[in-house]
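The values are calculated or read from the model by the stated rules, or taken from the named source; none is laboratory data. Fair warning: this is a prediction, and the values are worked out from it, not measured in the lab. Cβ sites come from the backbone with ideal geometry, for glycine too, and all protein chains shown count toward neighbours. Accessible surface areas use protein heavy atoms only, side chains included; no ligands, DNA or RNA. Shrake-Rupley method; radii C 1.70, N 1.55, O 1.52, S 1.80 Å.
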There are 2 protein chains.
Amino acid sequence: MNADQLIRHAHGRVTPARTRVLTTLLDAERALTHLEVAERLAPAVALDRVTLYRTLDWLVEQALAHRVAGEDRTWRFNASPGGAPAHHAHFNCTRCGQIFCIEALTPALALQLPPDFHAQQIELSIKGLCAGCNPA
Amino acid sequence: MNADQLIRHAHGRVTPARTRVLTTLLDAERALTHLEVAERLAPAVALDRVTLYRTLDWLVEQALAHRVAGEDRTWRFNASPGGAPAHHAHFNCTRCGQIFCIEALTPALALQLPPDFHAQQIELSIKGLCAGCNPA
DNA sequence: CGTCGATACGCAACACGGTTGCGAAATAGG
DNA sequence: CCTATTTCGCAACCGTGTTGCGTATCGACG
């Protein structure tokens, strides 16, 4: 299923902005910041900053992408063609700041929360060095 | 060990700003934003915004406090009198945004990372409703 | 294929958290 | 008390993200 089909399936208008942004996210091997998205489609299309934000928000709203809050206080976006998995793990590189989604990780946790605390979602964040930054 | 002693122990000058900020963090039951710290010591001392940021940074540098990145992209600070524990869990309230540190939680994880990825620190983030926001 | 209403886009301005530079004030040691 | 060094406060700045509004575009229908 390509970008246009996904957009149409979400009952949204197919516009160059949406097509290009979603395609970029689908092609990305990791979560991208708005700036990285802009850079990746810069030569072909020059999107307005606001349009890009709104497009990304729309994709998240339609569950075609999901948002990750990084350590540097910038949102990163990731395509989620099959819908977002409930328990998600992220690898956070402490050197370059890139965020990778780690699939196939089931944290079997025995949680004891303080009384009257109610857990909805569990997110596991692993900090370390990614392949590109690993000196070994 | 009180605030002044901790500061002196870190070979830093004992100033009203540091004393009050560290005392505030030590008294806090959860991680505080810079704004919350400012509000808590507002009636007594009115610190400059920059001074507060620098003081908090200094405390983090001296390992007297640690920083948590919340979902709203603002730093929250927590006193860590005994040094920062390596594996730390945070409870993140999805309604009021408050962050609580959960101690005594050892995530026994069988991690399989992609090749050449090197994990340094594992952070577990639990999202849900805190006691104050829990309708039950 | 042309028209029209709903929607998306682009521009400008704004909001907010956080940072930097620099001169003035306060600290700690002699 | 005096002085060197550190810290404070002010002002200005930066980047991410948001809002309002007029204009352009999509796509449905005739």
Degrees separating the helix B:16-27 axis from the principal Cα axis of chain B, which is the longest one: 40
Distance histogram in 5 Å bins (all Cα pairs of the protein assembly as shown, percent per bin): 1, 5, 11, 13, 15, 14, 14, 11, 8, 5, 2, 1, 0
Chains A and B, summed buried accessible surface - 1.4 Å probe, Å², nearest 100: 3200
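Two decimals, Cα atoms only, Kirkwood Rh: what is Rg/Rh over chain B? Write down the numbers at each step before the final one.
Numbers: Rg = 16.6 Å, Rh = 16.3 Å.
Ratio of gyration radius to Kirkwood radius: 1.01.
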Other protein chain Cβ atoms within 10 Å, averaged over every residue that makes up A:63-70: 1
Of B:47, B:25, B:9, farthest towards positive along the dipole that unit charges on Lys, Arg, Asp, Glu beta carbons give segment B:3-79: B:9
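Stokes-Einstein diffusion coefficient for segment B:3-79 at 37 °C in a medium of 0.692 mPa s, Rh from the Kirkwood formula over Cα pairs: what value in µm²/s? Display every interim value, and only then the final one.
Values: Rh = 12.3 Å.
Reported coefficient: 267 µm²/s.
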Amide hydrogen neighbours beyond the local backbone of residue A:33, cut-off 5 Å, H modeled: A:77
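Can you give the mean number of other chain Cβ atoms that lie within 10 Å of the Cβ atoms in peptide A:90-98? The partial results should precede the final answer.
Details: counts 2, 5, 5, 3, 3, 0, 0, 0, 0.
That works out to 2 on average.
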Phi to ³J(HN,Hα) by Karplus 6.51 cos²θ - 1.76 cosθ + 1.60 over segment A:121-134, Hz, x for Gly, Pro: 9, 10, 10, 10, 10, 9, 9, x, 10, 7, 4, x, 9, 6
Solvent-accessible surface (1.4 angstrom probe) belonging to residue B:117, in square angstrom, nearest 10: 40
Peptides A:67-74, B:63-70, B:6-13 ordered by average Cβ neighbours within 10 Å, highest first: B:63-70, A:67-74, B:6-13
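Would you mind telling me the share, in percent, of accessible area of chain A contributed by carbon and sulfur at probe 1.4 angstrom? Don't jump to the answer; show the numbers that get you there.
Details: 3730 of 7360 Å².
C and S atoms contribute 51 percent here.
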Crossing angle, helix B:49-61 versus chain B [Cα axis fit, 0-90 degrees, rounded to tens]: 60
